[in-house]
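The numbers here are math on the coordinates, done by the rules we state, and not lab data. Just so you know, these numbers come straight off a predicted model, no measurement behind them. We place every Cβ from the backbone using ideal geometry, glycine too, and count neighbours over all the protein chains shown.
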Protein chains: 4
Amino acid sequence: MIKVGIVGGTGYTGVELLRLLAIHPDAKVEVITSRSEAGLPVADMYPNLRGHYSDLAFSEPDVGRLAACDVVFFATPHGVAHALAAELLDAGTRVIDLSADFRLQDADEWARWYGQPHGAPELLSEAVYGLPEVARSKIKSARLIAVPGCYPTAVQLGLVPLLEAGWIEPRGIIADCKSGVSGAGRAAKVGSLFCETAESMKAYSVGTHRHHPEITQGLTAAAGQSVGITFVPHLTPMIRGIHATLYVRLNGNSLKRSDVEIQQLFEARYKGEPCVDVMPWQSCPETRSVRGANMCRLAIHRPEGGDLLVVLSVIDNLVKGASGQAIQNMNIMFGLDESAGLKFAGLMP
Amino acid sequence: MIKVGIVGGTGYTGVELLRLLAIHPDAKVEVITSRSEAGLPVADMYPNLRGHYSDLAFSEPDVGRLAACDVVFFATPHGVAHALAAELLDAGTRVIDLSADFRLQDADEWARWYGQPHGAPELLSEAVYGLPEVARSKIKSARLIAVPGCYPTAVQLGLVPLLEAGWIEPRGIIADCKSGVSGAGRAAKVGSLFCETAESMKAYSVGTHRHHPEITQGLTAAAGQSVGITFVPHLTPMIRGIHATLYVRLNGNSLKRSDVEIQQLFEARYKGEPCVDVMPWQSCPETRSVRGANMCRLAIHRPEGGDLLVVLSVIDNLVKGASGQAIQNMNIMFGLDESAGLKFAGLMP
Amino acid sequence: MIKVGIVGGTGYTGVELLRLLAIHPDAKVEVITSRSEAGLPVADMYPNLRGHYSDLAFSEPDVGRLAACDVVFFATPHGVAHALAAELLDAGTRVIDLSADFRLQDADEWARWYGQPHGAPELLSEAVYGLPEVARSKIKSARLIAVPGCYPTAVQLGLVPLLEAGWIEPRGIIADCKSGVSGAGRAAKVGSLFCETAESMKAYSVGTHRHHPEITQGLTAAAGQSVGITFVPHLTPMIRGIHATLYVRLNGNSLKRSDVEIQQLFEARYKGEPCVDVMPWQSCPETRSVRGANMCRLAIHRPEGGDLLVVLSVIDNLVKGASGQAIQNMNIMFGLDESAGLKFAGLMP
Amino acid sequence: MIKVGIVGGTGYTGVELLRLLAIHPDAKVEVITSRSEAGLPVADMYPNLRGHYSDLAFSEPDVGRLAACDVVFFATPHGVAHALAAELLDAGTRVIDLSADFRLQDADEWARWYGQPHGAPELLSEAVYGLPEVARSKIKSARLIAVPGCYPTAVQLGLVPLLEAGWIEPRGIIADCKSGVSGAGRAAKVGSLFCETAESMKAYSVGTHRHHPEITQGLTAAAGQSVGITFVPHLTPMIRGIHATLYVRLNGNSLKRSDVEIQQLFEARYKGEPCVDVMPWQSCPETRSVRGANMCRLAIHRPEGGDLLVVLSVIDNLVKGASGQAIQNMNIMFGLDESAGLKFAGLMP
């Protein structure tokens, strides 16, 4: 059994790690830290876990205990993994960071978007951006994984095939994204209250969301050239789910591509992928079809047969967009079946 | 008091007309028809109206009784107004049609999108597309009003200032729209069930929605030239509300326009409008801010100061997107205060 | 025009007062205070009010400015009205307190339930518990009104007819109540987050809710003898609405009462009441039928014709359960039409 | 592998069986019938199952193919299992019926509540009411299981310990129950539309719900004497979940029982039960804590230390209230680990 530690387990990605690892056949949570809740049994905070973790309580962060684990997940605000990762890596413990600390390869850019200096730039060279469908081989041998953000996962999986193939204009891409409220985390903020979010829809952080540079970085790598994207996130009255609606234009050489070719490009790119599902041409994936599941479901449209493609990409932001993808990374790193513990279907209805 | 008749009052736009007219100072509902519910008091079907319409019951459609009204609203599936409008107009009764029957000026195009011949092409020349912010003077003298659809209202109000001014490219416009479930009506369809729509988000009718030609027609008129738009509607887990996220590009001549100029363009265009509210630059309007209110709330963004503008436009699909706008038209037609009976604020939270 | 002041206008009852007063024909908000938001235009915090209060901003509490009003509403946490009411009353300003400060007639009991000494026991003798259907004549001449709590309004209106008539056992009453999340206010608490309350139902404060003594006090007064009630509130995934399901037993003398007599008891008790609606025998009122409306809708059931009655009572907790009822009190106090500004129907759907 | 057949797989209990069986280690769905959807791959109707049932399509009901299975689940409207069960049993196939066909032991009572003659009274003597916590030993050897209804499961598990112990009055029990909308099934009914159920709460079928006789039968068996219960179901704006709030009175002999004794009664009764969780005294279980999980979570309150107990009982109506409990029965019948395939935690948030 892989010994697992979790730093900062009181938020939604933390409890989701616990939920998923509770039925993982090859991993066991040994330590979960929370400064504020030290001493509290996890099942007292999360009654859905009653019966699953009878002996596990939140504990004060202790590097020694964490270093005794095979792998430590960080489900923390940004900055925490910066401070602790090196020590754990030195002790031979692998680190899977669900925060944004190691997602951007450029420390200066990180500092600009997060408003504080990067705390561990020396680790950036070995940090692997853990999108398995793009970086599987690097993940296998990685010691330090930066788990992609939720929006970046949905957007990249929707666009990577087209950008790698060079079929679309790399500028002028539009990502109109809709997220459930759990993306805002479990912090007590007025803006996340039921009465502020239910029965309403709004855009937010237009052009200024911190996932913007992460998306750009990933798409640029896929395209092999600079990519320009407008990213508009929207807050949607549901708990879980991201729906990315992606607008791209076929470039001159590719205007003649048939619908079938485009569909086949996606199907070939994701053939054999256990956590990406390319639906039939012109399908409309629902976020609920992946609720609770580690799956990205995609479909492609070409309105009126023109040069504009609309790619629809849905994930559960807490699973394929966070904790499930983190476990997928762990599975790869430790040579397990990539979807071990992640095989269940979405909860529908 | 204006004597009002309503044809087909059992759906959501019907009950919304009743709710709004219940407190209208100058209008009174005299007749409401429903073949299926004839004899049923309206308050038995809609208990929110108990105490408001003690004597009103649904009745069999009867042209004579309808023709005795000053104005008749059609809150019916398409085709019904085609059949009845002429007779009412001949009797001197004005007609405000909330269905799609008279929205498209081209009868052939209507037939193509609705899959049946246009039933009253001879009335098209006098039918006025009732978007008050665009056609107020024509509405004043109109006998037959086609109330704009919900998506078309949100999209047109968001784009008309830019198109009239000629500041944006008329091709390549993207309208990513999100609608509450009431847009699907009160029909008993599996796809509109709570368990099929709650806690989920999906696109639908990508490139094939019947509001597409209506939007194109309106934008083309505003631009004075052919307009090309990609329209992707999404089903959102809320009862009421449309959020239109509109992506347009400044054209060559207008790239130098400052943010202030763009904001002022909107403010000037809608100065004095009682039912359009231009929010401060870079605001994020919430659909709930207009819940139950006859208001379109707009805001403009220009991510990274580039050539792309993002216009956010929200309405309540049943009010400014249907029944409220219908009453606004009535007010104009009868020389009343344009927002008589429509002055209340949105229900928030 | 009645000059209105509001103390503490940033919460949900505050914004609801503003929404309702915006269309009140005889009242105008002159001052609204908030220490934390002083200087902020109210429409900046509550965009649904844009266009309604162009000149009104939150201001520091100032007794002088408040005392210049005809009436001051307190939409504050408990304790605040204790501190300020006397000074306003001395200045001739009437006070309508939406908090719990003057609801309990016994200062010691108040202190016990609220964990602090009562701050103005000398005012209790003149404070009128503002349930218009019970205390209309006292309200007319009152200077200080304690607006009933939301649960107490729904429960009392459902039981008062039976208790006044002496038809039911005064002990062993059960009030199983379900409330929307807005009852918890606008405070940033984890327990009120969308992700903690959506798609779930739970009981809370079983037997310990602060509305318990208020309910008991009101029912005891109606019965003319001591009343015993078990009150179990539940948190329900909706914004607005209270549904009280009340279980009572006919007493020995009344077992022979027919269904018709029971129904008539209610109808007679509430005949002419503008804000209580007795539905037909065995109806099932929906909370949405009163959403946004100042109405209590009631229905009575007698399962299997036995001795147990089930009374169903629904209100909008922010309207008839708070701000609407406060305005209803104001209307009575100032000799206006009792439902001035409160005539609109519920928002449905 | 156990060969599984499902009759009537297009409703919510059908898809839930598929979801749960997709990860069951010892069972495999061989046949799923639906007259209306014959030929359609199940994953086309339920995209959450894409990748799980690549070869399974709905087929016309065929007794021969069903009889080749080890066990057949009926997820059908009432009456269907009546017609088919005998033939399958004769063929040696075991039958687990999720409908109400075999829940009531008295054929006449069944006929009265369901408005049609009982179609298979000769099977009633061997039908086992499949509440494992009450009838485990009978289930082991049963050929025909009647899976309890959702409300009956929540209510019985909450009351059985007290009734078996004889501590409470068997008359005057109140079950105030709240259900998510999925309890109404996937039928296209206006009353189940999102816009008719979201943001609202209502009671329904007061005193007339078909689960009433089933509850009474089960409680009477537990008590060993006639039991009288008032059952009021409520429709709650959530997809899944039942919250039963149960009001009972300690009888004369038991009034002296301490809180600790009462708690211990429940803990002892359910010791070792894999699918019942007795929470600490005075807890408030949330339905979301069992969302998607085959678990009933209970807690007991005693307001003001009196004779009235309030038992709170939550389940997921589609899992422990239907499909999960059906599989739990299958596990017992086939000698498997009772919670095989049912070990996952609830989806929270």
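Modelled spin labels at B:Lys28 and B:Ser137, positioned 7 Å past Cα toward Cβ, are 3.6 nm from each other. Among B:Ala222, B:Ala100, B:Ala203, determine the one that fluctuates most according to a GNM of chain B built with springs between C-alpha atoms less than 10 Å apart. Looking only at B:Ala222, B:Ala100, B:Ala203, the biggest GNM fluctuation is shown by B:Ala203.
Calculate how steeply helix A:211-223 sits against the longest principal axis of the alpha-carbon atoms of chain A, using the helix alpha-carbon long axis, and give the answer as 0 to 90 degrees to the nearest 10. Approximately 60 degrees, to the nearest 10. Using alpha carbon centroids, what distance separates segment B:76-114 and segment C:150-207, in Å? Value for the Cα centre distance between the two parts: 49 Å. The orientation-averaged projected area of the convex hull spanned by the Cα atoms of segment C:209-308 comes to 7.7 nm².
Within the set C:Lys178/D:Lys189; A:Lys202/A:Lys271; A:Lys138/D:Lys320; B:Lys320/C:Lys140, which residue pairs have Cα atoms separated by over 32 Å? Please list the in-between numbers first.
Numbers: C:Lys178/D:Lys189 25 Å; A:Lys202/A:Lys271 36 Å; A:Lys138/D:Lys320 43 Å; B:Lys320/C:Lys140 40 Å.
Correct reply: A:Lys202/A:Lys271; A:Lys138/D:Lys320; B:Lys320/C:Lys140.
Per residue of peptide B:241-247, the mean number of Cβ atoms on other chains within 10 Å of the residue Cβ is 4.
For each of C:Asp316, D:Asp97, count neighbouring Cβ atoms within 10 Å of the residue's Cβ, then give the residues from fewest to most. It would help to have the intermediate numbers written out before the result.
Details: C:Asp316 31, D:Asp97 28.
Neighbour counts put them in this order, fewest first: D:Asp97, C:Asp316.
Sorted on the mean count of surrounding Cβ atoms within 10 Å across their residues, most packed first, peptides D:26-32, B:297-303, C:237-243 read C:237-243, B:297-303, D:26-32.
Here is how the number arises for chain C: DSSP H runs of 4 or more residues each give -39500 (n - 2.57), the sum is divided by the residue count, and the result at 222 nm is -8500 deg cm²/dmol.
Between the residues A:Thr33, A:Ile168, A:Val95, the greatest Cα displacement towards the positive end of the dipole of chain A, with unit charges on the Cβ of Lys, Arg, Asp and Glu, is found for A:Ile168. Compute the long axis of helix B:150-165 from its Cα atoms, compare it with the longest principal axis of the Cα atoms of chain B, and write down the angle in degrees, 0 to 90, nearest 10. Long axis of B:150-165 versus the principal axis of chain B: about 40 degrees. Between C:Ile229, C:Ile145, C:Ile315, the residue with the greatest mean-square fluctuation in the GNM of chain C (Cα pairs under 10 Å linked by springs) is C:Ile229.
Distances from B:Asn251 to itself in the other copies, using label points 7 Å out along the Cα-Cβ axis, amount to 2.8, 8.4, 8.8 nm in increasing order. Counts of other chain beta carbons within 10 angstrom of each beta carbon in peptide C:229-236 average 5. Distances between equivalent label points of A:Ser226 across the copies, with each point positioned 7 Å along Cα→Cβ, amount to 3.4, 8.3, 8.7 nm, shortest listed first. Here the dipole of segment D:34-158 is about 380 debye; that uses its Cα centre as origin and unit charges on the Cβ of Lys and Arg (positive) and Asp and Glu (negative).
Of all the C-alpha pairs in the protein assembly as shown, what % are more than 62 Å from each other?
Details: 111626 of 973710 pairs.
When every Cα pair of the protein assembly as shown is considered, 11 percent fall beyond 62 Å.
Here, segment A:151-317 yields an orientationally averaged convex hull projection of 9.7 nm² when only Cα atoms define the hull. For chain D, the Stokes-Einstein estimate of translational diffusion at 25 °C and a viscosity of 0.890 mPa s comes to 120 µm²/s, using the Kirkwood hydrodynamic radius over alpha-carbon pairs. Counting other Cβ atoms within 10 Å as a rough exposure proxy, the listed residues C:Glu164, B:Glu261 run B:Glu261, C:Glu164 from fewest neighbours to most. When peptides C:280-291, C:132-143 are sorted by average Cβ neighbour count within 10 Å, with the highest value leading, the order is C:280-291, C:132-143. Sorted shortest first, the separations between the B:Gly191 label point and its copies elsewhere in the assembly read 2.5, 3.4, 4.2 nm; each point sits 7 Å from Cα along the Cα-to-Cβ line. The rotation axis bringing chain A onto chain B passes closest to the chain A residue reported with its distance as A:Asp176, 2, by C-beta distance in whole Å.
Dipole orientation for chain C: of the candidates C:Leu159, C:Leu66, C:Pro349, C:Pro349 has the Cα lying most toward the positive pole (charges on Cβ; Lys, Arg +1; Asp, Glu -1).
Between A:Glu273, A:Glu109, A:Glu304, the Gaussian network model of chain A with springs among Cα atoms under 10 angstrom shows the greatest mean-square fluctuation at A:Glu304.
Shielding of peptide C:296-306 by partners, expressed as the average count of other chain Cβ atoms within 10 Å per residue Cβ, is 3.
Counting only alpha carbon atoms, the long axis of helix B:324-333 and the longest principal axis of chain B meet at about 80°.
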